[in-house]
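Asker: Handing you a structure now.
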Amino acid sequence: MNHREEIKAKIEIVRSIVLEHFGVSEAEFCGRGRHKWVVRAREAFVIVAYRHTRGSWPDVARAMKPDGAQYNHSTALTAARRAEPKLQTDPTFAEEIEILEWKIQAVQPPEMYRPAQLRIDRAPAPASGPYRVEGQGNPIAVEGGAS
């Protein structure tokens with residue numbers, strides 16, 4: 001299995017975990033629907049898929065539309081940009097992300113995790129990002145609040 005196939009397989013694992021967690025069907029997830037619970041599942045997916053695989057934004061976007069339809073990297077990037085503030089303001093969403101991360105850690109080796117921070121903008125990288133990993137195997141903490 002080459003590197004791209006490995007990343008695709010890991011993103012598929014993340015997607016199945018997210019779909020199961022939110023109780024969203026694949027048709028709803030990949031469809032055009034804008035129901036609140038479907039949008040929430042998509043936002044959670046892009047965050048955890050980008051953090052827990054070494055996939056690029058286009059890799060994540062392709063997993064959102066597996067039937068071959070063209071999904072641009074901006075699809076995943078936009079979902080992540082909309083979801084990131086919710087991690088700070090919505091404790092329920094932040095808790096759901098943490099639960100998903102624990103589920104993913106149970107099936108994926110830590111070497112597949114993305115280093116320290118999630119960068120979704122083009123601004124210069126700050127000295128310390130909004131996310132940091134607290135030791136191997138421990139939950140991801142969000143600055144300004146304990147996980």
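The values are calculated or read from the model by the stated rules, or taken from the named source; none is laboratory data. Bear in mind that the values here come from a model prediction, so they are computed numbers and not experimental data. Note that we place each Cβ from the backbone using ideal geometry, even for glycine, and neighbour counts take in every protein chain shown. These accessible areas exclude ligands, DNA and RNA; they are computed on the full protein's heavy atoms, side chains included. Shrake-Rupley method; radii C 1.70, N 1.55, O 1.52, S 1.80 Å.
Asker: Where a ≥ b ≥ c are the square roots of the eigenvalues of the C-alpha gyration tensor, would you call segment 1-75 rounded, which needs a/c under 1.5, or, failing that, prolate if a/b is larger than b/c, or oblate?
Answerer: Prolate shape, in that a/c is at least 1.5 and a/b is the bigger ratio.
Asker: Between residue 94 and residue 36, how high is the FRET efficiency from 1/(1 + (r/R0)^6) when r is the Cβ-Cβ distance and R₀ = 22 Å? Nearest 0.05.
Answerer: Efficiency for this residue pair is about 0.85.
Asker: Using a 1.4 Å probe on the protein heavy atoms only, what accessible surface does residue 59 show? Give it in Å² to the nearest 10.
Answerer: Per-residue accessible area (residue 59): approximately 20 Å².
Asker: Could I have the simple spin-label model distance between residue 1 and residue 73, label points 7 Å from Cα toward Cβ, reported in nm to one decimal?
Answerer: Result for the modelled spin labels: 2.4 nm.
Asker: Straight-line reach from residue 86: which lysines have a Cα under 19 Å away, not including same-chain ones fewer than 8 places off?
Answerer: 36
Asker: For every other residue with a beta carbon closer than 13 angstrom to the beta carbon of residue 75, add +1 if it is Lys or Arg and -1 if Asp or Glu, then tell me the sum.
Answerer: In short, +4.
Asker: Going Cα to Cα from residue 8, which lysines come in below 22 Å? Please leave out same-chain ones fewer than 8 positions away.
Answerer: Partners found: 65, 103.
Asker: Of the heavy-atom accessible surface of segment 5-95 (probe 1.4 angstrom), what whole percent is carbon and sulfur?
Answerer: Heavy-atom surface of segment 5-95 belonging to carbon and sulfur, 1.4 Å probe: 51 percent.
Asker: Now for a separate question. Roll a 1.4 Å probe over the protein chains and send me the accessible area per residue for segment 1-70 in Å².
Answerer: 51
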